[in-house]
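As structure tokens, the structure follows; a few thoughts come after it.
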Amino acid sequence: MFGRSRFAKLAETQVDLFLREHGEVVADADARLAAYNRADRTEAEELYGDYVDAVDTGAEILAEMRDHFARTLDDAQEYVDAFNRVVAKRLPTYAAAVERL
């Protein structure tokens, strides 16, 4: 596993846990994006805002999971970087929001 963070597997497991325990958050964001894509011009702006709010909800949960565990580590930045990479790979919709939190 040359070049792979020692925290990569842990971060993958945590994202799996997020998907199991908060799958409805992801489903809600997906549904809101679909509604936005179907909307006419008069509804689109509000629906897009709803979608962004749903993504932010998921990103906040992910960031809290990440930050909670990071507080237990001496080398927290390596873990945070690994977690953010896993989110970017597996849940790219949430990546930017997670990184800014």
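The values are calculated or read from the model by the stated rules, or taken from the named source; none is laboratory data. Note that the coordinates shown come from a computational prediction; the quantities given were computed from them, not determined experimentally. In this analysis, Cβ positions are derived from the backbone assuming ideal geometry, glycine residues included, and neighbour counts consider all displayed protein chains.
Of all residues in the range 51-83 being among the hydroxyl-bearing types (Ser, Thr, Tyr) and free of Cβ contacts under 8 Å to residues at least 40 places away in the same chain, which is nearest to Glu99 (Cα to Cα)? Walk me through it before giving the result.
First pass over the range 51-83, keeping only residues among the hydroxyl-bearing types (Ser, Thr, Tyr): 51, 57, 72, 79.
Subsequent filtering for residues that are free of Cβ contacts under 8 Å to residues at least 40 places away in the same chain retains 51, 57, 72.
Details: Tyr51: 18, Thr57: 14, Thr72: 19 Å.
Only one residue fits best here, namely Thr57.
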Evaluate the following for Asp40: is it without any contact (Cβ under 8 Å) to a residue 24 or more places away in the chain and either in contact with a His (Cβ under 6 Å, 6 or more places away or on another chain) or surrounded by fewer than 12 Cβ atoms within 10 Å (Cβ to Cβ) (or both)? yes
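I'd like the residue in the range 55-97 that is in a helix (DSSP H, G or I) and among the acidic types (Asp, Glu) and, out of all such residues, is farthest from Glu21 (Cα to Cα). Full working, then the answer.
So the first thing to find is which residues in the range 55-97 are in a helix (DSSP H, G or I), and the list is 55-70, 76-90, 92-97.
Still in the running and among the acidic types (Asp, Glu): 56, 60, 64, 67, 78, 81.
Numbers: Asp56: 17, Glu60: 14, Glu64: 14, Asp67: 18, Glu78: 25, Asp81: 23 Å.
Among them, the one singled out is Glu78.
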The range 1-39: number of residues that are part of a helix (DSSP H, G or I) and either in contact with a Gly (Cβ under 9 Å, 6 or more places away or on another chain) or among the aromatic types (Phe, Trp, Tyr) (or both): 6
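Okay, residues lined up against (1) surrounded by 18 or more Cβ atoms within 10 Å (Cβ to Cβ); (2) touching a helix residue (DSSP H, G or I) at 6+ places or on another chain (Cβ under 9 Å); (3) at pLDDT 95 or above; (4) polar (S, T, N, Q):
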{"residue": "Val15", "(1), (2), (3), (4)": "yes, yes, yes, no"}
{"residue": "Gly23", "(1), (2), (3), (4)": "no, no, yes, no"}
{"residue": "Ala35", "(1), (2), (3), (4)": "no, yes, yes, no"}
{"residue": "Ala54", "(1), (2), (3), (4)": "yes, yes, yes, no"}
{"residue": "Ala59", "(1), (2), (3), (4)": "yes, yes, yes, no"}
